[in-house]
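The structure appears below as structure tokens.
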Amino acid sequence: MYDFQYTKVQSIDDAVHHMQQDEEAVLLAGGMTLLPALKQRLAQPTQLLDLSGIENFSSISVDGDAIRIAALTTHAGVAGSPLVQVHIPALAALANSIGDPQVRNRGTLGGSIANADPAADYPAALVALDATVITTKQTIAAEDFFVDLFETVLESDEIITAVSFPKPRRAAYAKFANPASRYAVVGVFVAESDAGCRVAVTGAQGSVFRWQEAEAALSSEFDAKSIESLTLPTDDMNEDLHATADYRAHLVVVMACQAVREITG
Amino acid sequence: MTVNGKAVTADVEDRTLLVQLLREQLGLTGTHVGCDTSQCGACVVHVNGASVKSCSVLAAQCNNAKVLTIEGLADSQALHPMQQAFKDNHGLQCGFCTPGMIMSAIDLVQNNPDPTDAEIRDWLEGNICRCTGYQNIVSSIQAGARMMQSR
Ligand SMILES: Cc1cc2nc3c(=O)[nH]c(=O)nc-3n(C[C@H](O)[C@H](O)[C@H](O)COP(=O)(O)OP(=O)(O)OC[C@H]3O[C@@H](n4cnc5c(N)ncnc54)[C@H](O)[C@@H]3O)c2cc1C
Ligand code: FES
Ligand code: FES
């Protein structure tokens, strides 16, 4: 690791202030992505601003018809939360499928979505549940938050403070996990609410996307049979040593059917 | 911070990892470094009661925290039940992964006192052993869990 200065910030305002003073400063949440990247000398920030000292930054609460999860909540915190388990069990299960116990003990919701790894799990849940991302500058729909591969709308001095997840009527997440890291080769989150059915796919393309054809088919009949013979274009599919574009396109259908069957039983 | 029940103070560089502080400055070399890329789990210790990979945490992030390493488990009389169980059940061959396995296993049993084999295997996702084939590690954790409960 290149040398840097470690600063434990006391409040969100304090963190914003430091980021405005020093453009090369970066936020440190769980460090599960940032510290390995720094070890590989992929980045050379001047300062790490540790968010862990900020009060109430890892709380989970009911907010009307939604569950609000503060940005510094760990994956283990989401997985083990009675509120999340009762109101959005699919989200608790998703959090419990991330990496391994030690990654879940440190890694955070805010860090995961800020990083916007194309294979990360949370983006699928945020988009399918029509969640809202709350930052120090804006309140934005998840669909508009994720832009591209490792890219979000966040500006350099902007901090995610929380995510608000509307409670779905029913939902499930199915992922074909990379056997080593547990990242999603393909992950599909299916959610049904009063507003309709949403299907969000992670791992398959540069960024999370909604599979609208499947949404329409499931809205007319909520059954795996409605989508099992659909196909997706392979042009934009990721291709790497884990899976070809064709295979990923196929996996999207298989994982979507699996999620729907988990819901319909 | 407190390490294995003793208050310790150390001056470290901002970029010092927890595992470097433990091994190089405090001489606690029971915590191993296998991959240094947060994959293998040889470096697992407890910070404020939860298992973490000490190769992926800064020492400074643990300011004032309670850290428990493999050296802090046994008392002067006896091994910790989980250590004893690994010994009794031949849960190790070369022993490189063992400190991390034991620290991870204790965290599991603290949260789930009576785990099934499948739950143990699932929990060990982040602990890699290149020797044993895991069978005896799972048996050791089963035995260790029973011994921890009866203690
Ligand atoms: C072995 C391993 C396996 C993993 N497996 C999976 C998996 O199966 N699925 C999965 O989804 N992920 C996986 N991950 C990634 C893990 O979920 C990380 O925790 C997550 O991507 C980053 O969260 P963090 O809190 O550690 O963030 P950090 O590493 O601390 O930060 C990541 C980035 O986000 C920025 N950031 C952090 N918090 C905020 C905030 N509040 N506002 C704005 N920017 C912020 C940081 O500046 C940094 O650029 C794995 C990681 C490892 C090491
Ligand atoms: S050395 Fe820390 S996980 Fe391998
Ligand atoms: S006993 Fe040798 S690596 Fe596990």
Open item on the list: For region A:1-30 and region A:121-172, what is the centre-to-centre distance using only Cα atoms, to the nearest Å?
Closed with: 22 Å
Task: Efficiency of FRET from Cβ geometry, A:Gln21 and A:Val147, R₀ 22 Å, rounded to 0.05 - done: 0.25
TODO: Between the alpha-carbon centers of region A:82-120 and region A:227-265, tell me the distance in whole angstrom.
DONE: 22 Å
Open item on the list: Quick test of the membrane-span-like rule: which DSSP H helices of chain A reach at least 24 Å along their long axis (C-alpha atoms) with mean Kyte hydropathy at least -0.5?
Closed with: A:245-264
- [ ] With both partners inside chain B, how many of the DSSP beta bridges are antiparallel, as a percent to the nearest 5?
- [x] 80 percent
- [ ] Would you mind checking region A:144-187 for residues with the amide N under 18 Å from a putative spin-label position 7 Å along Cα→C-beta of A:Asp194?
- [x] A:165-171
Task: Taking A:Arg104, A:Arg169 and counting other C-beta atoms within 10 Å, the order from fewest to most - done: A:Arg169, A:Arg104
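Taken together, the values in this text are just the output of simple stated rules run on the coordinates, not laboratory data. No experiment lies behind these values; they were computed from the predicted model shown. For neighbour counting, all protein chains shown are included, and Cβ atoms are generated from backbone atoms with ideal geometry for every residue, glycine included.
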